[in-house]
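J.: Take a look at the following structure, please.
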Amino acid sequence: QQATIGVTGLAVMGRNLARNIARHGHVTAVHNRTFTKTEALVDEFGDEGTFVASESLEDFVKSIETPRAIIIMVKAGEPTDAVIDELVPLLDEGDIVVDGGNAHFADTVRREQALSEKGLHFVGMGVSGGEEGALHGPSIMVGGSEHAYERLGPIVESIAAQVDGTPCAAHVGPDAAGHFVKMVHNGIEYADMQLIAEAYDLLRSIAGLSPAEIADVFEEWNGGDLESFLIEMTADVLRHTDGEGGQPFVDVVLDEAEQKGTGRWTVQAALDLGVPVTGIAEATFARSLSGHTEQRAAAREVFTTDPDEQRVSVDRDVFVDQVRAALYASKVVAYAQGFDQIAAGAEEHGWDVDLGSVATIWRGGCIIRAQFLDRIKDAYAEEPDLTTLLTTAYFADAVKGGVDAWREVVATAARGGVPVPAFGSSLSYFDGLRRERLPAALIQALRDDFGAHTYRRVDREGTFHTLWAGDRSEQEI
Ligand code: NBP
């Protein structure tokens, strides 16, 4: 029997994605470099659907109906190139090669160009939701040509998470748009997790709540505007205890956050595009700081903390609510910045990305799934060319309503010596945007003074330079 689609690379993600596809009634060809993984999949889960297993890549390719659609689900980077190089000579014109791994979007641009020259379609497909999502319904961000999506769309939409009957899968744009959007998704995930971690730290260190009490707070928050997978999971993790001693699990975990690189990629791309994604950047740097153990030890020794100095008295219930408002406002900023980055990336690369559709497919299946995304979807439905999410009626009201609490929380954190890089930078971003005049004027004047970099004036058009070392007269350039 000819398969409708093939999956090569059957580690946790590929195996679960293949099972999900087969469970939805699509005959699925499966292949893995090490054949035992293919055999294990068919032995354990063969009754979930129709799998066509092959040991060699040649047989795998032959087992798929043309034009073929083949999903590569191997380690990102060189392994993906190695698989593409092996696959290409076996394919026919019009076949579709899909990379479902976490590729850097620049690699996807390169691969798409190389394969299109050979008459093949290359699709960079971002898959979010981890291994559980891959099995039960991920969020899928598909790049590549319209033509490729006509073949792939019905399959990916059937296996994706569904919210209100709408699949969390879409063709987000040509070329590497899918991987770019997935990268920013992960960047937002970094910011979201950092904000949650700061909220936890504040509630524990300043309001004196125990992890179990903070779990209750998060559970309550999950019943409101903040409802999301990560908030729900935070309550669960904070309630978890370790071993027989029953200490909070969060206290036995080493406080050094790791990263696989997608946050860093997001920040690097944002720097190239000139988009201030301060929440994502601070979240990425906060992980780096946590890993600098030698510097942390040295600083702890020199700047020992006096517990009295850090004691800030707050009304517990009032503070809990202020932290909730600060978390929500900061989250609005982080998401607004992420969507700005997608818009800027799309413009830079000539991809027509529908931001409303991105919000729609992030409502389910992915790690940042949240009720909040419904609001973002609505905002883009009302105004597709939105300048910034921050100023849309719903979010503007939320931020205005929470701004006093937000300031209070950031100020209290500073007084109490609790680091809140994401809360603090989001508030500064907000203040920076709404400020009538920014001190950027002084920076421009300094640049003109030391480097003759010129400036523009508020009162007339043109570019000017002052002869700082001379008679200080102004020249129009
Ligand atoms: P891994 O990233 O651990 O990769 C293991 C797979 O790559 C195995 O099938 C392995 O084959 C294959 N492979 C390697 Br390594 N080198 C190869 C080569 N030169 N030729 C052929 N195959 C090769 O798997 P994963 O965790 O399932 O992730 C797959 C992709 O999905 C990655 O790009 C990842 O970034 C992405 N992703 C992962 C998650 C997640 O939660 N884990 C979420 C979203 C996206 P072998 O069995 O023969 O060694």
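J.: Those residues that are hydrophobic (A, V, I, L, M, F, W, C), modelled with pLDDT under 95 and surrounded by 13 or more Cβ atoms within 10 Å (Cβ to Cβ), I need them from the range 286-313; list them, please.
T.: V312
J.: State whether one or more residues within the range 89-96 are closer than 23 Å to R369 by Cβ, assigned to a loop (DSSP other than H, G, I, E, B) and open to solvent by 10 Å² or more (accessible area, probe 1.4 Å).
T.: First, pick out the residues of the range 89-96 that are closer than 23 Å to R369 by Cβ: none.
No, the range 89-96 contains no residue that is closer than 23 Å to R369 by Cβ, assigned to a loop (DSSP other than H, G, I, E, B) and open to solvent by 10 Å² or more (accessible area, probe 1.4 Å).
J.: Name the single residue that is nearest to the ligand (Cβ to nearest atom) among those in the range 67-85 being under 10 Å from G101 (Cα atoms) and surrounded by 20 or more Cβ atoms within 10 Å (Cβ to Cβ).
T.: Filtering the range 67-85 down to residues under 10 Å from G101 (Cα atoms) leaves 71-77, 80.
Now narrow it down to the ones that are surrounded by 20 or more Cβ atoms within 10 Å (Cβ to Cβ): 71-74, 80.
Working: I71: 10, I72: 9, M73: 5, V74: 3, T80: 7 Å.
It comes out as V74.
J.: Look at the range 134-151 and say how many of its residues are of a type outside the set (S, T, Y), away from the ligand (no atom under 16 Å from the Cβ) and surrounded by fewer than 23 Cβ atoms within 10 Å (Cβ to Cβ).
T.: Keep residues of the range 134-151 that are of a type outside the set (S, T, Y), which gives 134-138, 140-144, 146-148, 150-151.
Narrowing the set further to residues that are away from the ligand (no atom under 16 Å from the Cβ) leaves 144, 146-148, 150-151.
Narrowing further to those that are surrounded by fewer than 23 Cβ atoms within 10 Å (Cβ to Cβ): 146-147, 150-151.
Qualifying residue count, the range 134-151: 4.
J.: Which numbered condition trips up D272, out of (1) modelled with pLDDT under 95; (2) under 20 Å from the mean Cα position of the chain (by Cα); (3) among the acidic types (D, E)?
T.: Just one mismatch for D272, condition (1).
J.: In the range 111-133, which residues are outside any helix (DSSP H, G or I), within 14 Å of the ligand (Cβ to nearest atom) and not small (G, A, S)? Before you say what the answer is, go through the steps one by one.
T.: We begin by selecting, within the range 111-133, every residue outside any helix (DSSP H, G or I); these are 117-129.
Now restrict to residues that are within 14 Å of the ligand (Cβ to nearest atom): 124-129.
Scanning the range 111-133 gives M125, V127.
One line per residue, one yes/no per condition, for (1) in a helix (DSSP H, G or I); (2) under 15 Å from D99 (Cα atoms):
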position	(1), (2)
Y149	yes, yes
E157	yes, no
A170	no, no
G178	yes, yes
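J.: Which of the numbered conditions does M233 fail, given that it passes all the others? Conditions: (1) surrounded by fewer than 17 Cβ atoms within 10 Å (Cβ to Cβ); (2) within 16 Å of the ligand (Cβ to nearest atom); (3) at pLDDT below 95.
T.: With (1) surrounded by fewer than 17 Cβ atoms within 10 Å (Cβ to Cβ); (2) within 16 Å of the ligand (Cβ to nearest atom); (3) at pLDDT below 95 applied to M233, the lone miss is (3).
J.: Show the residue pairs that are 6+ apart or on different chains and have beta-carbon atoms under 8 Å apart, the first residue being within the range 70-83 and over 12 Å from R111 (Cβ atoms), the second being part of a strand (DSSP E or B) and open to solvent by 10 Å² or more (accessible area, probe 1.4 Å).
T.: Going by the 8 Å Cβ cut-off, there are no qualifying pairs.
J.: Restricting attention to the range 426-443, which residues are under 26 Å from the mean Cα position of the chain (by Cα) and open to solvent by 20 Å² or more (accessible area, probe 1.4 Å)?
T.: Filtering the range 426-443 down to residues under 26 Å from the mean Cα position of the chain (by Cα) leaves 426-434.
Of everything in the range 426-443, those that are under 26 Å from the mean Cα position of the chain (by Cα) and open to solvent by 20 Å² or more (accessible area, probe 1.4 Å) turn out to be S428, Y429, F430, D431, G432, L433, R434.
J.: V163 - would you say it is within 15 Å of the chain's Cα centre (by Cα) and either surrounded by fewer than 21 Cβ atoms within 10 Å (Cβ to Cβ) or within 28 Å of F105 (Cα to Cα) (or both)?
T.: No; evaluated as a whole, the condition is false for this residue.
J.: Next up: Please specify each residue of the range 75-114 satisfying the condition of being over 15 Å from F60 (Cα atoms) and in contact with a His (Cβ under 7 Å, 6 or more places away or on another chain).
T.: Result: A103, F105, T108.
J.: Out of the residues in the range 404-425 that are open to solvent by less than 70 Å² (accessible area, probe 1.4 Å) and either polar (S, T, N, Q) or out of contact with any helix residue (DSSP H, G or I) (no Cβ under 7 Å at 6 or more places or on another chain) (or both), state the one that is nearest to Y190 (Cα to Cα).
T.: Within the range 404-425, the subset open to solvent by less than 70 Å² (accessible area, probe 1.4 Å) is 405-406, 409-413, 416-418, 420-425.
Filter once more, keeping what is either polar (S, T, N, Q) or out of contact with any helix residue (DSSP H, G or I) (no Cβ under 7 Å at 6 or more places or on another chain) (or both): 411-412, 425.
On the way: A411: 23, T412: 24, S425: 14 Å.
Selected residue: S425.
J.: Can you name the condition, by its number, that G187 falls short on among (1) crowded, with 21+ Cβ neighbours inside 10 Å; (2) more than 17 Å from V74 (Cα to Cα); (3) modelled with pLDDT of 95 or more; (4) away from the ligand (no atom under 16 Å from the Cβ)?
T.: (4)
J.: Those residues that are crowded, with 24+ Cβ neighbours inside 10 Å, of a type outside the set (D, E, K, R) and in contact with a Lys or Arg (Cβ under 7 Å, 6 or more places away or on another chain), I need them from the range 190-220; list them, please.
T.: Matches in the range 190-220: L195, I214.
J.: Still on this structure, I have one more. May I ask you to list the residues in the range 361-373 that are of a type in the set (V, I, T) and either at pLDDT below 95 or surrounded by fewer than 24 Cβ atoms within 10 Å (Cβ to Cβ) (or both)?
T.: If we filter the range 361-373 for residues that are of a type in the set (V, I, T), which is where we start, we get 361, 367-368.
I367, I368, listed by residue number.
J.: I would also like to ask the following. One residue is enough: does the range 328-339 have a residue meeting the conditions loosely packed, with under 15 Cβ neighbours inside 10 Å and farther than 23 Å from V418 by Cβ? So that I can check it myself, show each step before the final result.
T.: Start the filter on the range 328-339 by keeping residues that are loosely packed, with under 15 Cβ neighbours inside 10 Å, which leaves none.
Checked the range 328-339: no residue is loosely packed, with under 15 Cβ neighbours inside 10 Å and farther than 23 Å from V418 by Cβ.
J.: Here's a follow-up. So which pairs qualify, if the first residue must be in the range 110-131 and within 16 Å of D175 (Cβ to Cβ) and of a type in the set (F, W, Y), the second must be at pLDDT 95 or above and away from the ligand (no atom under 16 Å from the Cβ), the Cβ gap must be under 7 Å, and the two must be at least 6 apart or on different chains?
T.: Between residues of the range 110-131 that are within 16 Å of D175 (Cβ to Cβ) and of a type in the set (F, W, Y) and residues that are at pLDDT 95 or above and away from the ligand (no atom under 16 Å from the Cβ), the close pairs are F122/E112; F122/L115; F122/S116; F122/G144.
J.: Would you check if there is a residue in the range 167-175 being within 16 Å of the ligand (Cβ to nearest atom) and open to solvent by 50 Å² or more (accessible area, probe 1.4 Å)?
T.: no
Conditions (1) touching a residue at least 24 places away in the same chain (Cβ under 8 Å); (2) touching a strand residue (DSSP E or B) at 6+ places or on another chain (Cβ under 9 Å), marked per residue:
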{"residue": "A22", "(1), (2)": "yes, yes"}
{"residue": "V42", "(1), (2)": "no, yes"}
{"residue": "G46", "(1), (2)": "no, yes"}
{"residue": "V52", "(1), (2)": "yes, yes"}
{"residue": "P89", "(1), (2)": "no, no"}
{"residue": "G101", "(1), (2)": "yes, yes"}
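J.: Given the criterion closer than 17 Å to D175 by Cα, away from the ligand (no atom under 13 Å from the Cβ) and not polar (S, T, N, Q), identify the matching residue among D107, D95. Walk me through how you get there before you give the answer.
T.: Values: D107 fails: away from the ligand (no atom under 13 Å from the Cβ).
Testing whether each residue is closer than 17 Å to D175 by Cα, away from the ligand (no atom under 13 Å from the Cβ) and not polar (S, T, N, Q) leaves just D95.
The values are calculated or read from the model by the stated rules, or taken from the named source; none is laboratory data. These numbers come from a predicted model, not from an experiment. Neighbour counts are summed over all protein chains in view; Cβ atoms, including those assigned to glycine, are modelled from backbone coordinates with ideal geometry. The area values use the complete protein model at the heavy-atom level, side chains included, leaving out ligands, DNA and RNA. Shrake-Rupley method; radii C 1.70, N 1.55, O 1.52, S 1.80 Å.
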